[in-house]
């Protein structure tokens with residue numbers, strides 16, 4: 001991928017309603033942890049660096065990505081340390097991190113058990129992991145194709161994998177629930193029509209441009225931040241999980 005792609009994606013990460021609402025939800029989930037400016041944080045698959053800047057409010061964060069190009073671009077946007085590596089083979093010592101984050105990464109991985117095992121290995125006992133994954137296989141759509149996803153998840157599927165790796169679940173819920181009916185209707189309708197050729201498939205992010213609609217959707221999505229740590233939402237487009245590493 002070239003620098004133009006990363007520059008375009010960086011703009012989307014900064015202003016698109018989905019990213020803005022998601023960061024509001026992450027803030028509420030992370031507020032459950034004690035304040036610790038020395039918390040060692042690893043963010044896996046940091047994209048263009050927006051999440052590194054966000055996580056810097058919660059401790060000392062470093063980023064890891066499989067793409068050297070992504071790292072080169074992110075270094076033009078933020079100053080956090082970055083390293084090249086894979087979620088299935090993290091180049092860090094055991095129990096070296098206090099918090100490990102992987103936002104929409106696990107669904108890309110064939111070796112899911114190995115990836116979760118690596119999160120557990122590098123997370124100190126009593127430390128935490130924060131993950132998100134896309135929800136419900138019936139919501140499979142253009143974004144999954146473009147992003148080269150392997151699967152979508154239910155709460156039960158993610159809980160099973162997290163607990164088998166050695167974590168205790170603290171928060172586990174669907175999110176993006178308020179907009180779920182609209183997203184579900186659009187994706188099911190698209191699938192019922194004839195599938196477009198691969199070269200014509202467009203990202204869902206292209207459906208909303210900067211402006212009033214984008215801002216309203218961001219506020220609607222962010223409103224769920226008051227719900228996710230109190231209740232387990234019954235449906236949603238994504239799943240968020242905060243888990244603690246077993247002693």
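The values are calculated or read from the model by the stated rules, or taken from the named source; none is laboratory data. In this text, all values refer to a predicted model and were calculated from it rather than measured experimentally. Every residue, glycine as well, gets a Cβ built from its backbone with ideal geometry; the counts of neighbours run over all protein chains shown.
Residues 62, 12, 71: which one is surrounded by 15 or more Cβ atoms within 10 Å (Cβ to Cβ), more than 28 Å from residue 216 (Cα to Cα) and modelled with pLDDT under 95? Show your work before the answer.
Details: 62 fails: modelled with pLDDT under 95; 12 fails: more than 28 Å from residue 216 (Cα to Cα).
Sole residue among the options that is surrounded by 15 or more Cβ atoms within 10 Å (Cβ to Cβ), more than 28 Å from residue 216 (Cα to Cα) and modelled with pLDDT under 95: 71.
So which of 221, 205 is assigned to a helix (DSSP H, G or I), touching a helix residue (DSSP H, G or I) at 6+ places or on another chain (Cβ under 8 Å), modelled with pLDDT under 90 and surrounded by 11 or more Cβ atoms within 10 Å (Cβ to Cβ)? Walk me through how you get there before you give the answer.
Working: 221 fails: modelled with pLDDT under 90.
Going through 221, 205 in turn, the sole match is 205.
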In the set 29, 35, the lone residue that is buried (at least 19 other Cβ atoms within 10 Å of the Cβ) and either more than 17 Å from residue 146 (Cβ to Cβ) or in contact with a helix residue (DSSP H, G or I) (Cβ under 9 Å, 6 or more places away or on another chain) (or both) is 29
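Can you confirm whether region 89-98 contains a residue that is modelled with pLDDT of 95 or more, crowded, with 17+ Cβ neighbours inside 10 Å and out of contact with any helix residue (DSSP H, G or I) (no Cβ under 7 Å at 6 or more places or on another chain)?
Yes.
Within region 228-247, how many residues turn out to be more than 16 Å from the chain's Cα centre (by Cα) and touching a residue at least 40 places away in the same chain (Cβ under 8 Å)?
Narrowing region 228-247 to residues more than 16 Å from the chain's Cα centre (by Cα): 229-235, 244-247.
From what is left, the residues that are touching a residue at least 40 places away in the same chain (Cβ under 8 Å) are 229, 231-235, 244-247.
Matching residues across region 228-247 total 10.
Quick check on this structure: which one of 148, 137 is touching a residue at least 24 places away in the same chain (Cβ under 8 Å) and either in contact with a helix residue (DSSP H, G or I) (Cβ under 6 Å, 6 or more places away or on another chain) or exposed (fewer than 14 other Cβ atoms within 10 Å of the Cβ) (or both)? Spell out the reasoning first.
Values: 137 fails: touching a residue at least 24 places away in the same chain (Cβ under 8 Å).
The match here is 148.
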Subset of region 41-57, residues assigned to a strand (DSSP E or B) and at pLDDT below 95, comes to none
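Working carefully through the options 32, 80, find the one that is under 30 Å from residue 167 (Cα atoms) and out of contact with any strand residue (DSSP E or B) (no Cβ under 6 Å at 6 or more places or on another chain).
Values: 80 fails: out of contact with any strand residue (DSSP E or B) (no Cβ under 6 Å at 6 or more places or on another chain).
Result of the check over 32, 80: 32.
Condition check ((1) closer than 20 Å to residue 242 by Cα; (2) touching a residue at least 12 places away in the same chain (Cβ under 8 Å); (3) buried (at least 20 other Cβ atoms within 10 Å of the Cβ)) across all residues:
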site	(1), (2), (3)
66	no, yes, no
81	no, yes, no
114	yes, yes, no
117	yes, yes, no
122	yes, yes, yes
133	yes, yes, yes
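Could you please let me know if residue 55 is surrounded by fewer than 22 Cβ atoms within 10 Å (Cβ to Cβ) and without any contact (Cβ under 8 Å) to a residue 60 or more places away in the chain?
Numbers: surrounded by fewer than 22 Cβ atoms within 10 Å (Cβ to Cβ): no; without any contact (Cβ under 8 Å) to a residue 60 or more places away in the chain: yes.
No, not satisfied.
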Filter region 151-172 for residues that are surrounded by 20 or more Cβ atoms within 10 Å (Cβ to Cβ) and touching a strand residue (DSSP E or B) at 6+ places or on another chain (Cβ under 6 Å); the one that is farthest from residue 103 (Cα to Cα) is 167
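Residues 25, 62, 87, 44: which one is touching a strand residue (DSSP E or B) at 6+ places or on another chain (Cβ under 8 Å) and without any contact (Cβ under 8 Å) to a residue 24 or more places away in the chain?
Working: 25 fails: without any contact (Cβ under 8 Å) to a residue 24 or more places away in the chain; 87 fails: without any contact (Cβ under 8 Å) to a residue 24 or more places away in the chain; 44 fails: without any contact (Cβ under 8 Å) to a residue 24 or more places away in the chain.
Of 25, 62, 87, 44, the one residue that is touching a strand residue (DSSP E or B) at 6+ places or on another chain (Cβ under 8 Å) and without any contact (Cβ under 8 Å) to a residue 24 or more places away in the chain is 62.
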